[in-house]
Amino acid sequence: MDAIPAVRGRPGRPWRKPGLIQGDRGYDSQPHRDALHRRGIKTQLAKRRTEHGSGLGRTRWVVERTLAWLHQFRRLSMRYERRACVHEAFLMLACSMLCWNFLKPLTYF
């Protein structure tokens, strides 16, 4: 949590922390909850040993869908590059292509 960079974009003091953290059952532990609570971050973590239907699926599907879209690119599904800057360049190119394909039908020229 301490390595999260400041969020830019709005005038004024930049945010150093997110307002809410969502996580699945793998992150459900009291030390995680306590550490986030001390930093003033709300948690929405699914409880272990409970039935499915925690309510995280309403917003989590956006992340899962986007990761599935990114894994359709061969160079991102299996990392072949040794240098992180090359992998990040391909990641940005893939994100640009996904945004272009998503926004292309919305243009009326």
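The values are calculated or read from the model by the stated rules, or taken from the named source; none is laboratory data. Only a predicted model underlies this, so the values are computations on that prediction, with no experimental measurement involved. In this analysis, Cβ positions are derived from the backbone assuming ideal geometry, glycine residues included, and neighbour counts consider all displayed protein chains.
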Taking the residues in the stretch 11-30 that are assigned to a loop (DSSP other than H, G, I, E, B) and modelled with pLDDT under 75 as candidates, determine which candidate is farthest from the chain's Cα centre (by Cα). P14
Scope the stretch 36-63; condition modelled with pLDDT of 70 or more and part of a loop (DSSP other than H, G, I, E, B); matching residues: R39, G40, I41, A46, K47, R48, R49, T50, E51, H52
Within the stretch 64-109, take every residue that is basic (K, R) and part of a loop (DSSP other than H, G, I, E, B) and give me the one that is surrounded by the most Cβ atoms within 10 Å (Cβ to Cβ). R79
Within the stretch 44-63, is there a residue that is assigned by TED's automatic domain parsing to the domain that holds M1, closer than 24 Å to M1 by Cα and in contact with a Leu (Cβ under 7 Å, 6 or more places away or on another chain)? yes
Count - residues of the stretch 34-52 that are under 22 Å from V63 (Cα atoms) and surrounded by 11 or more Cβ atoms within 10 Å (Cβ to Cβ): 8
Among the residues of the stretch 1-33 satisfying the criterion of being among the small types (G, A, S) and surrounded by 11 or more Cβ atoms within 10 Å (Cβ to Cβ), which is farthest from R58 (Cα to Cα)? S29
Tell me, yes or no, whether the stretch 96-108 has at least one residue that is touching a Lys or Arg at 6+ places or on another chain (Cβ under 7 Å), modelled with pLDDT of 85 or more and either of a type in the set (F, W, Y) or within 17 Å of I21 (Cα to Cα) (or both). no
